[in-house]
Structure formats: structure tokens, C-alpha cells
1. For region 130-160, enumerate the residues that are touching a residue at least 12 places away in the same chain (Cβ under 8 Å), farther than 15 Å from S79 by Cα and surrounded by fewer than 19 Cβ atoms within 10 Å (Cβ to Cβ).
2. State whether the residues of region 162-170 include one that is without any contact (Cβ under 8 Å) to a residue 60 or more places away in the chain and of a type outside the set (S, T, N, Q).
3. Look at D92 and say whether it is out of contact with any strand residue (DSSP E or B) (no Cβ under 8 Å at 6 or more places or on another chain), open to solvent by 20 Å² or more (accessible area, probe 1.4 Å), part of a loop (DSSP other than H, G, I, E, B) and within 15 Å of the ligand (Cβ to nearest atom).
4. Any idea which of (1) more than 14 Å from the ligand (Cβ to nearest atom); (2) open to solvent by 30 Å² or more (accessible area, probe 1.4 Å); (3) of a type in the set (D, E, K, R) is the one R177 doesn't satisfy?
5. Would you pick out the residues in region 106-129 that are open to solvent by less than 30 Å² (accessible area, probe 1.4 Å), within 23 Å of S170 (Cβ to Cβ) and in contact (Cβ under 8 Å) with a residue 40 or more places away in the chain?
6. Just a yes or no: is a residue in region 154-163 more than 13 Å from the ligand (Cβ to nearest atom) and touching a strand residue (DSSP E or B) at 6+ places or on another chain (Cβ under 9 Å)?
7. Does A70 satisfy the condition of being within 8 Å of the ligand (Cβ to nearest atom), on the phi < 0 side of the Ramachandran plot and modelled with pLDDT of 95 or more?
8. Scan region 19-28 and give yes if some residue there is hydrophobic (A, V, I, L, M, F, W, C), within 29 Å of V204 (Cβ to Cβ), part of a helix (DSSP H, G or I) and open to solvent by 10 Å² or more (accessible area, probe 1.4 Å), otherwise no.
Amino acid sequence: MPVTAVSGSASGIGAAVCATLRAAGHRIIGIDRANAEVIADLSSFAGRQAAIAAVLEHSDGILDGLVCCAGVGVTAPSSSVILAVNYFGVSDLLDGLLDALAKGQNPAALVIGSVASTQPGVEQQPMVAAMLAGDEDLALELAITLGQPHIAYACSKYAVTCNARQKAVSWASLGVRLNVVAPGAVQTPLHQASLDDARFGKAVREFVAPLGRSGCPEEIAKLVAFLQSPDVGFIHGSVMFIDGGMDAMVRPQKF
Ligand code: NAI
């Protein structure tokens, strides 16, 4: 039975991923702030290290899969929390669990990015370079100074995608696959909070994908389960959009 750790397991996309992988025969080690096998706060370095230690204990140090879903949106308490969870809460888990994955059967890891990562100009934001350099203090300080949660969100998703693609190259020799799934709007509590927000609600409502609807968590979970399967063992380092055509609409000549 494959053993897969899933962060953000208590809600939305993460909960759907757990259900789908369980149905496919996986044993799940959920990581979340509550209602999970591993209770941890991924916004702090100490919380991430505690999460890694607990996952290693639950798995006897051998993992077949890791899916990083935990994330916060533009309504998070501050821009610094957005970077801390969405970037460092992912890159630290990937680093800390790599050895366990390398010991697994057909091991595969996956990061939930976002179509927001393609927002023009994000790559020039100084906080992106700070994240990619692993300088958490500087990155969080730059995000607070800018004070634009939607830019911090896009930057966190762009940087975490770059980080995963860089890791994919170095992880290949260990036989551990790593891919990114980039959803558009998906009906979850995170998305609902954005819709209800006085600052961002209008823009979120008006940004409609060509298919004319938002996705549901189960649709994302099916793609995640597909990518985690050894049946598609040659898919590695890919960024897969699942966004109702949003990326194709916004930047048809980039792929
Ligand atoms: P959600 O709010 O339903 O689930 C997120 C989960 O992450 C929650 O269970 C929450 O407790 C957990 N989490 C948040 N901060 C944490 C922390 N500090 N420590 C431990 N766990 C923490 O949200 P949703 O929509 O399911 O989001 C999952 C991922 O999908 C996120 O990375 C999000 O950025 C991404 N995403 C969501 C989209 C959407 O429209 N819903 C679109 C694109 C990407």
C-alpha cells in the first residue's frame, strides 16, 4: 500500500486529494493545523520541522508520495503569512522529506501552484529572488513593505513553481518525480473567502475562465492522483494547468 503525505489535508483541494488517493489504495498521512494525522503550523520554521519529524515517525522514514496542498489566499492575515505558507511551507517540506521519498516505491511529489503564478511582472518582484535564495526573513520583510496581498500570492506561487522545477532536475538522479498542478478558480473555502472579500471580491468574480465556471476540488484531485501514479512515470518537472482555459486566454503564445 503506497504511503502518501498530504499537506492541507483538512479542507478543499487537499481533502479531495486525500479521498481520491485513499480510494486508489494509499495510506494517507495528512498534515494540517487541525483534523489531521500530523497537526502542524507550516507558517513557521519550527512548525515545518515538527511536521517533517512527525511524518517521518508516521511513515517509518519511507514515503511513496508527497502532495503539498496547504496554502493561504489573499485574505490571509498578512502578506508575510502568504509567503511563509505558500513558499517556505512547501519548499521546506520537499527538502525535509526527500530522503524518505528516495526510499519509496515509484516515489512522486506534487506541488499545488496556481494560474496566478503567470501574472505578468511577478518574476521581477524582489521578494521572488529572496524566496528562491531561501532568505525567509528578507522575503517576508519585502512582502510586508509592499503590502499587496494579491502580488504576494502571485509571487509565492511563481517562486514555488520555479523551486519545484529546479528541484525536479536535481531529484531525477534519485528517481523521485516532482510535478506542479496549477489550478484556476476552484470552489473551496479559500476561494469563497476571496469572493466575499471587500478588496478582491469584484476582481475575482470578473476573472472568469473561458469554460465559464470554476472547478471543483475533485477535478483537481483526479489530476493529482493521475500524476502521482507510476503509470505516468515519465511526467517529471511539468507544470499542468487545470483552469478552464484561463492560461490559454491570458497568454496564448506562452506554454
Ligand atoms: P482551503 O483553504 O480549502 O485549504 C487549505 C488548507 O491548508 C486548509 O486545510 C488549511 O488549514 C491549510 N493550511 C493553511 N495554512 C496552514 C498552515 N500554516 N499550516 C498548516 N496547514 C495550513 O484552500 P484550497 O483552495 O483547497 O487551497 C489548496 C491549495 O490550492 C492552496 O495552495 C491554494 O493556494 C491552491 N489554489 C487554490 C485555488 C482556488 O481557487 N481554490 C486556485 C489555485 C490554487
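1. L132, G134, listed by residue number.
2. Within region 162-170, the subset without any contact (Cβ under 8 Å) to a residue 60 or more places away in the chain is 162, 166, 170.
Adding the requirement that they be of a type outside the set (S, T, N, Q) leaves 162.
Yes, there is a match, as at least one residue in region 162-170 is without any contact (Cβ under 8 Å) to a residue 60 or more places away in the chain and of a type outside the set (S, T, N, Q).
3. Working: out of contact with any strand residue (DSSP E or B) (no Cβ under 8 Å at 6 or more places or on another chain): yes; open to solvent by 20 Å² or more (accessible area, probe 1.4 Å): yes; part of a loop (DSSP other than H, G, I, E, B): no; within 15 Å of the ligand (Cβ to nearest atom): yes.
Answer is no for this residue.
4. Every listed condition holds for R177 apart from (2).
5. Residues satisfying the conditions are P107, A108, A109, L110, V111, I112, G113, S117.
6. yes
7. Values: within 8 Å of the ligand (Cβ to nearest atom): yes; on the phi < 0 side of the Ramachandran plot: yes; modelled with pLDDT of 95 or more: yes.
In short, yes.
8. yes
The values are calculated or read from the model by the stated rules, or taken from the named source; none is laboratory data. Given the structure is predicted, the values throughout are model-derived calculations rather than measurements. Every residue, glycine among them, receives a Cβ derived from its backbone with ideal geometry; neighbour counts consider all protein chains shown. With ligands, DNA and RNA removed, areas are computed over all heavy atoms of the protein, side chains included. Shrake-Rupley method; radii C 1.70, N 1.55, O 1.52, S 1.80 Å.
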